[in-house]
Amino acid sequence: MDTLTSLLKLEGNIHTALKMWHEASNQTSPLDYLQLFHRSRNRGTDNARQVTNEILFEALRVLAVEYQGEAELLRKRFLDGLVMHAVANQLNIGLSTAYRKQKEAIRQLALIIQEREHQARSEYQTSLEKRLKLPPETPLFGFDNHVDVLQKVIVSSKTCWLVSIEGLGGLGKTALATALVRHSELSYQFYDVIWVSAKQQDYLPGIGLEQKASPALTREALTDTLLNELNADSSVAKSPQEKYTLLTKLLKQDAYLIVIDNLETAADYQNLLPLLRELATPTKFLLTSRHSLRSYPDVYCHSLTELDPEMTHCFIRHEASIRGLSLLTNASDAELKPIYEVVGGNPLALKLVVGQISVLPLSQVLGSLKEARGKTIDELYNFIYWQAWDMLDPVSQRVFLMMPLAQDGEVEQLLALTQLDIDTLGEALQHLARLSLIQVQGNLEERRYTIHRLTETFLLNEAIRWNIAA
Ligand SMILES: Nc1ncnc2c1ncn2[C@@H]1O[C@H](COP(=O)(O)OP(=O)(O)OP(=O)(O)O)[C@@H](O)[C@H]1O
Ligand SMILES: [Mg+2]
């Protein structure tokens with residue numbers, strides 16, 4: 001919605017809200033789509049009328065600083081509840097002038113509320129990014145259409161309570177869910193957003209990977225996690241049944257958007273879908289999964305596929321430019337074509353390959369990868385990761401192997417795990433980041449280092465086993 005239409009809409013809603021000033025407390029408000037409204041409700045006021053009046057009252061106070069006459073007119077008309085004739089008389093103006101002034105005053109009020117809303121949205125966005133630990137915002141290629149379609153499905157569909165983003169590893173399912181959560185037009189439709197990750201594997205030091213046979217996310221674990229995210233008072237709900245009742249009450253009271261990332265196994269679906277179905281409406285769920293839920297008729301499934309050649313080329317050029325690889329950034333489509341032919345349009349695989357091109361010549365990187373042609377995506381990843389592994393010096397390999405133990409870790413944690421000095425560790429981290437084997441997140445004071453799930457799988461399934469065997 002452009003600014004003009006949203007301002008017109010806001011003016012209309014403010015007028016309606018002013019007319020309702022003296023109505024009894026109620027659950028809805030013409031301003032309930034505003035972040036300002038959500039924020040006040042989050043502070044504990046449950047009465048929609050009272051929250052709305054507080055927003056209007058504060059805006060009227062600001063209006064009075066510059067436009068005292070207009071603010072007075074609105075106060076008399078709506079707060080004191082006078083008919084327009086009486087207001088005009090009291091202000092010593094004609095009736096038509098009074099109506100014109102009221103229109104102008106509402107326009108000014110809308111401008112004030114709009115500015116406060118922008119501020120509230122930007123504060124909400126910052127706190128959301130921090131609370132959900134979202135990765136830094138990067139350009140996402142070929143996503144516009146996906147975001148448009150899914151945003152509409154999630155917001156507007158009355159019947160669809162669960163949306164699943166599906167596709168192979170590394171295609172961008174988590175990145176798309178992140179983009180959706182960041183998309184203000186979507187997140188403001190909800191009271192709040194919650195993000196839960198279903199963990200698939202347990203890492204046991206010295207043994208390696210233990211694939212979980214049981215569900216990654218049990219009903220009880222999900223209930224506890226959600227109650228925790230909702231800051232629910234745990235003292236009132238101790239038994240599983242009490243917790244379930246409390247969670248249902250909270251999720252039915254307000255519409256939340258709950259993202260469950262990596263809900264992969266059949267055990268997970270069978271266990272969780274009945275619970276999610278009960279908890280939904282007005283709350284909605286968004287899942288990401290490498291497996292399809294198409295066999296469930298009440299789930300909206302959205303498949304991600306590889307980037308097409310054109311988008312792949314744009315993506316390669318972008319990845320090259322952030323690494324300062326000017327030859328690759330300026331390469332023609334014909335020069336980039338061999339990369340697409342060997343790697344395809346899987347963003348994570350492309351990122352890793354561009355990382356390798358920053359260390360070795362393109363022909364050499366692609367030459368070795370040709371062996372992986374025609375293999376499954378898992379085999380392609382294995383090839384790519386082993387190739388990257390061979391480019392690492394022993395210290396970087398050591399740091400890399402420690403990463404599953406320090407997911408989302410800070411430097412102090414890595415220093416303790418690797419027993420390296422800060423300079424040596426810094427160099428190794430730089431090397432790993434250049435090859436896209438780790439992602440650096442957070443700000444300057446608080447850097448965090450993460451690895452992608454597929455990288456973790458490689459380390460735990462391949463590299464650590466090989467290391468133990470060697
Ligand atoms: N369209 C895209 N444009 C730019 N970068 C992308 C795009 N899609 C994915 N990426 C990047 O590729 C990497 C892999 O994406 P992501 O983690 O979302 O994949 P995934 O499908 O969730 O994988 P998995 O199944 O392993 O969880 C991330 O670094 C992500 O930012
Ligand atoms: Mg993912």
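When the chain is described by a simple charge dipole with +1 on each Lys and Arg Cβ and -1 on each Asp and Glu Cβ, the residue from 60, 426, 174 located farthest towards its positive end is 60.
Note: the chain, Cα convex hull, 191 Å³ per residue. Each of residue 138 and residue 221 was given a label point 7 Å from its Cα along the Cα-to-Cβ line. The distance between the two points is 2.8 nm. Phi angles of region 315-327 translate, via the Karplus equation with coefficients 6.51, -1.76, 1.60 and θ = phi - 60°, into HN-Hα couplings of 5, 4, 4, 5, 4, 5, 5, 6, 9, x, 8, 5, 4 Hz per residue; Gly and Pro are given as x. Protein heavy-atom surface of region 309-469, 1.4 angstrom probe: 52% of the accessible area is carbon and sulfur, with nucleic acids and ligands not counted.
Residues 268, 390, 408, ordered by accessible area of protein heavy atoms at a 1.4 angstrom probe radius and largest first, appear as 390, 408, 268.
Pairwise over distinct Cα atoms, reciprocal of the mean inverse distance: report the Kirkwood radius of region 86-164 in Å, one decimal place.
17.5
Here the Karplus curve 6.51 cos²θ - 1.76 cosθ + 1.60, taken at θ = phi - 60°, turns the phi angles of region 368-383 into couplings of 5, 5, 4, 4, 7, 4, x, 8, 6, 4, 4, 5, 4, 4, 4, 4 Hz, with x standing for Gly and Pro. If R0 is taken as 35 Å, the Cβ-Cβ distance between residue 90 and residue 8 corresponds to a FRET efficiency of 0.75. 3J(HN,Hα) along region 163-173, derived from phi through the Karplus expression 6.51 cos²θ - 1.76 cosθ + 1.60 where θ = phi - 60°, amounts to 10, 10, 9, 10, x, 5, x, x, 6, x, 5 Hz, with x in place of Gly and Pro. Determine the shape class of region 144-303: with a ≥ b ≥ c the square roots of the Cα gyration tensor eigenvalues, call it rounded for a/c under 1.5, and otherwise prolate if a/b is greater than b/c, oblate otherwise. Oblate is the answer for region 144-303, as a/c is 1.5 or above yet b/c matches or exceeds a/b. Radius of gyration (Cα atoms) of region 340-417, expressed as a multiple of 2.2 N^0.38 Å: 1.24.
Think of the chain as having a plus end and a minus end, set by charges on the Cβ of Lys, Arg, Asp and Glu; of 127, 92, 285, 92 sits farthest toward the positive end of this dipole.
The order of 466, 386, 21 by accessible area, most exposed first and with a 1.4 Å probe, is 466, 386, 21. Computed packing ranks the peptides 270-283, 451-464 as 451-464, 270-283, most packed first, by mean other Cβ atoms within 10 Å. Once Rg and the Kirkwood radius are both taken over the C-alpha atoms of region 3-126, their ratio Rg/Rh works out to 0.98. In this structure, the amide hydrogen of residue 303, modeled 1.01 Å from its nitrogen in the peptide plane, lies closer than 5 angstrom to those of 166, counting only residues at least 5 positions away or on a different chain. With all protein chains in place and ligands, DNA and RNA left out, the 1.4 Å accessible area ranks 353, 395 as 395, 353, largest first.
Each label was represented as a point 7 Å from its Cα along the Cα-to-Cβ direction; for residue 155 and residue 292 these points are 2.9 nm apart.
Using R0 = 35 Å, the C-beta based FRET efficiency linking residue 433 and residue 332 works out to 0.80.
The values are calculated or read from the model by the stated rules, or taken from the named source; none is laboratory data. Bear in mind the structure is a predicted one, so any value in this text is a computation, not a measurement. Neighbour counts run over all protein chains shown; Cβ positions are idealised from the backbone, glycine included. What goes into the accessible areas is simple: the full protein's heavy atoms, side chains included, and nothing from ligands, DNA or RNA. Shrake-Rupley method; radii C 1.70, N 1.55, O 1.52, S 1.80 Å.
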